[in-house]
């Protein structure tokens, strides 16, 4: 792409642009296409006191265990095949951070409002439920039209920075997903002041639509600040069709999370080094399971 800005960075360079106290959005969904290489780089940094916005999975769990979260805004925090993320559960039980838990549709509406630079958007979801009781800061509005319907006014979810993972991207920041679901990653990027895309492969711009439909071009370069090529960068979450969720390793992660000594050993083995060390350790672990 002639004249396009080259936005390629390393994961550590991206994390070097983040600051303590930020509101940080993390894309993906549960244990699916999470930007885990960027999360691991974040764990290697001293960035803390975060307000985290996420359809949560192990990203939330790891950052919660490390004490990096001040406030969490989420619709759920799950490992999908394991219903509740264990580090999240433990952190909530000890009251480690403030929690804003929204209905999934309300969360999406908040991202949409943030992307459109609106203060809020109305929605029916949440009415008649405990969402309003446990989130007394939420307000309702009355339709100005003849129906006069009462609706929930979901506040915009605006972020200082967002991290997402794509199957492919070009050097300018156009991001492509090849799996079954976009997971609202485009809204995360649009609703953030800065957005960073990790991807399985950086390719030439023309290659993005050579063998895939144009609608797979989820993220536009105008909303992206930096791009990092991180092969298997969503591991142990899925990044279909490049790879599925690493269920055996996820089970080992969740089992270790239940025991402090086991977790210390897991962290020392898999999280003490850089991204290359992580993948080498995972490969060795899988060989040991045979």
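What follows is calculated from the coordinates using simple rules that are stated; it is not laboratory data. Everything numeric here is computed off the predicted structure, so don't read it as measured data. Every residue, glycine as well, gets a Cβ built from its backbone with ideal geometry; the counts of neighbours run over all protein chains shown.
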- Task: For the chain, just the Cα set please: Rg and Dmax, both in angstrom.
- Result: 19.1, 67
- Mind listing the Cα extents of segment 139-290 along all three principal axes, in Å, largest one first? 67, 44, 26
- Going by C-beta contacts inside 10 Å, put 165, 279, 235 in order with the fewest on the left. 279, 235, 165
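Quick check: residue separation of residue 45 and residue 269 times 0.36 nm, minus the Cα distance between them. What number comes out in nm? Walk me through the numbers on the way to the answer.
On the way: separation 224, 0.36 × 224 = 80.64 nm, distance 1.78 nm.
Full-extension gain reported as 78.9 nm.
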- Item | Three semi-axes of the equivalent ellipsoid, segment 130-175, Cα gyration tensor, whole Å, largest first | 37, 16, 9
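For a quick check: sort 166, 159, 108 by the number of other beta carbons within 10 angstrom, fewest at the front. Walk me through the intermediate numbers first.
Values: 166 30, 159 25, 108 20.
The fewest-first ordering by Cβ neighbours comes to 108, 159, 166.
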- Note on the structure: Two pseudo-spin positions, 7 Å from Cα along C-beta at residue 134 and at residue 240, lie apart in nanometres by 2.8 nm
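What translational diffusion coefficient, to the nearest whole µm²/s, does segment 1-108 have by Stokes-Einstein, given a Kirkwood radius computed over alpha-carbon pairs, a temperature of 20 °C and 1.002 mPa s viscosity? The partial results should precede the final answer.
Working: Rh = 14.4 Å.
Result for D is 149 µm²/s.
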- Per the 1/(1 + (r/R0)^6) rule, R0 = 22 Å and r from the Cβ atoms of residue 277 and residue 66, FRET efficiency to 0.05 is 0.80
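According to the square roots a ≥ b ≥ c of the eigenvalues of the Cα gyration tensor, what is the shape class of segment 78-118, taking rounded for a/c under 1.5, prolate for a/b larger than b/c otherwise, and oblate for the remainder?
Details: a/c = 3.69, a/b = 1.83, b/c = 2.01.
Oblate is the answer for segment 78-118, as a/c is 1.5 or above yet b/c matches or exceeds a/b.
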- Query: Quick one: what does P(r) look like for segment 201-252 with 5 Å bins over all Cα pairs, in whole %?
  - Reply: 5, 14, 19, 23, 20, 9, 7, 3, 0
- Item | Spread of Cα-to-Cα distances over 5 Å intervals beginning at zero, given as percent, for segment 63-134 | 3, 14, 21, 21, 19, 14, 7, 1
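Starting with the highest mean, order 62-74, 83-95, 145-157, 22-34 by the number of other Cβ atoms within 10 Å, averaged over the residues of each peptide.
22-34, 62-74, 83-95, 145-157
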- Taking the reciprocal of mean 1/r across every pair of different Cα atoms in segment 48-204, the Kirkwood radius in Å is 16.9 Å
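For segment 1-88, calculate the relative contact order in percent as a whole number, restricting contacts to Cα pairs under 8 Å that are 6 or more residues apart.
Averaging sequence separation for qualifying contacts and normalising by length gives 27 percent for segment 1-88.
Could you grab the relative contact order for the chain? Cα pairs under 8 Å, six or more apart, rounded to a whole percent.
Details: 613 pairs, mean separation 57.8, N = 290.
Reported relative contact order: 20 percent.
Considering only DSSP beta bridges where both residues belong to segment 140-214, give the percentage that are antiparallel (nearest 5).
Working: 5 of 14 bridges.
Counting DSSP beta bridges with both partners in segment 140-214, the antiparallel share is about 35 percent.
Return the FRET efficiency for the residue pair residue 160, residue 285: r is the Cβ-Cβ distance, R0 is 41 Å, and the value is rounded to the nearest 0.05.
Working: r = 35 Å, r/R0 = 0.86.
About 0.70, to the nearest 0.05.
By DSSP, what percent of the beta bridges with both residues in segment 52-127 are antiparallel, rounded to the nearest 5? Working shown, then result.
Working: 0 of 8 bridges.
Restricted to segment 52-127, the bridges split so that about 0 percent are antiparallel.
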